[in-house]
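The structure appears below as structure tokens.
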Amino acid sequence: MNYPVWEVPLLGGGMLIAAIAVLHVFISHFAVGGGLFLALTERKAYREGDTELLAYTRKHSTFFVLLTLVLGAVTGVGIWWTIGLVHPTGTSALIHIFVWGWAIEWTFFVVEIAAALFYVYGWDRLEPRTHLIFGWIYFAGAWLSLLVINGILTFMVTPGRWLENQSFWSAYFNPAMLPSLLMRTGVCVALAGLYSLLTSSLMAQGEFRHRVTRYAAKWILAGTAVLPVGALWFMASLPPLARQLPMGGAAPVMIFTALGVTLSAIIVAFSLFGPYLRPQQFGTSYAALLLVLGIMVTGATEMVREAVRKPFIIYDYMYLNHVRATESDAVTRTGVLKSALWSSEKEVTPHNRLAAGEEVFRLQCRSCHTLRGYNGVLPLMAGWDEAYTDYQLSRLSTLKPYMPPFMGTPEERAALAAWLARLAGPPSPPPDALGVDGRPAANALAPAAELPVTEVKR
């Protein structure tokens, strides 16, 4: 609450982060799995004396480096930029907790970049043994980067004993760290196979193409084989509320969970009965389809991972509205307007009631909601009046446990309700308020302010 609020119209800050993050995750996981693919495939080519496979590996490496180093680095910077603006308090907390972890990860990333450049430009300049060593160095740097980042990401969902002892090691080796690492490593291997299917369909010909296609399919099947174990282990490590959300606790989260599982099963089936068993019938369109399905799975699963943290940025430590859990009672007593450093309104008066309500929305709701865009509140309020809106706000944590409780004074809550109700427009009359001709019956609609909250109908 000590930073200004960055507003992203229509899309919302959270969805902007998601759009960049999904692309980055998809590319970065390929960067890890693709590094292993290059090292093992080059080693295979040398052992078998397969010049065609070695030539394919060389072509694949050029595509690999251009995609991962350029687009991967750009999207990585984009994530830092967006999370710093949308969630500055949460980002600051993570930096302070994991400052040395970030430093180590960036060191691994530098090693990764240097090794990749030596690898792609060293085909004709280095001895085969030395060239292969750089391939292994690249993979080690990439996987170690994943290792560090994975611990930080899982900490946001399962901080574990860190809440008690504030220890870096407790934060990093949190309950979800190992199961998530298993899942992500499997995803890396599977994505290496998906990308290889695409490049082999474009670069290889004849019988060799069939052979490489089947080889790539083995990577997909091997990577996906560990995902059910990792997923069940990960779910078991989550807090009770987080575990309930994808199992029916929240419809959107359940849908994304089902989508991720279904599409993963389709990829496995298509890979088994397509490129693995019938490589001669496999083409570029088929490969592109599987790659698109892979992107969709990445998007669905990352949305689930983000969603299970709700109502927190860091579970049990900081709410999505940037208020620490230990400070929520104080903010509620003092008022969110007085507590926020960058608030343009400091109290609710008869003259600024609507302006104060808008400011409360910005401070309490903007990090997740837009007005009429993605996750917009006004479409959800169809038919609500001011009194019913206030009632909903007063019971947020009960009615919607995946949302932070309203933090502020009753006057601030009423101001927010008034501002939202004004934007939402007049409420729809209840069915029993209509006459036989469909018009409102006489004296059927009393002013909302005159009705007790319990009598306001939705």
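Every read-out reported here was derived from the displayed coordinates using simple, explicitly stated rules and does not represent laboratory data. No experiment lies behind these values; they were computed from the predicted model shown. Glycine gets a Cβ as well: all are built from the backbone with ideal geometry, and neighbour counts include every protein chain shown.
Have a look at 284, 33, 237 and report the one farthest towards the positive end of the charge dipole of the range 13-319, computed about the Cα centre with Cβ charges (Lys/Arg +1, Asp/Glu -1). The listed residue farthest towards the positive side: 284. The magnitude of the dipole of the range 13-319, with charges of +1 and -1 set on the Cβ of Lys/Arg and Asp/Glu and taken from the Cα centre, is near 460 debye. Measuring r between the beta carbons of residue 349 and residue 382 and using R0 = 35 Å, the FRET efficiency lands at 0.70.
Span-like helix check, the chain: qualifying full DSSP H segments, with Cα axial length of 24 Å or more and mean Kyte-Doolittle of 0.5 or more, are 13-48, 99-121, 128-155, 177-203, 251-271, 284-307.
Between 179, 141, 53, the Cα set farthest toward the positive side of the dipole of the range 13-319 (charges on each charged residue's Cβ, about the Cα centre) is that of 53.
From least to most packed, judged by other beta carbons within 10 angstrom and beginning with the fewest, 369, 96, 60 follow the order 96, 369, 60. For the range 240-362, treating each Cα as an identical point scatterer without solvent, what Debye log10 I(q)/I(0) comes out at q = 0.11, 0.18, 0.20 1/Å? Those come out to -0.62, -0.96, -1.04, one per q. Note on the range 13-319: semi-axes of the ellipsoid equivalent to its C-alpha gyration tensor, largest first and rounded to whole Å, are 34, 23, 15. Work from the charge dipole of the chain (Cβ charges, +1 for Lys and Arg, -1 for Asp and Glu, about the Cα centre) and give the residue of 303, 15, 406 farthest towards its positive end. Value computed over the given set: 303. Working from label points 7 Å from Cα in the Cα-to-Cβ sense, the residue 67 to residue 218 distance is 2.1 nm. In this simple spin-label approximation, residue 262 and residue 121 carry label points 7 Å from Cα along the Cα→Cβ vector, and these lie 4.8 nm apart. As a rough footprinting exposure proxy, the listed residues 323, 65 were ranked by other beta carbons within 10 Å of their own, and the order from fewest upward is 65, 323.
Over the chain, DSSP H runs of length four or greater, each weighted -39,500 (n - 2.57), average out per residue to a 222 nm ellipticity of -21000 deg cm²/dmol. Taking other residues whose beta carbon is less than 14 angstrom from the beta carbon of residue 10, and scoring Lys, Arg as +1 and Asp, Glu as -1, yields +1. Which residues does the label zone of residue 272 cover in the range 196-224, counting backbone N under 18 Å from a point 7 Å along Cα→Cβ? Label zone hits: 214-224. Cα centroids of the range 150-216 and the range 36-80: how far apart, whole angstrom? A separation of 16 Å, based on Cα centres. Summing Lys and Arg as +1 and Asp and Glu as -1 over all other residues whose Cβ lies under 11 Å from the Cβ of residue 362 gives a net charge of -3. Between residue 329 and residue 342, the modelled label-to-label distance comes to 2.9 nm, taking each label 7 Å out from Cα in the direction of the beta carbon.
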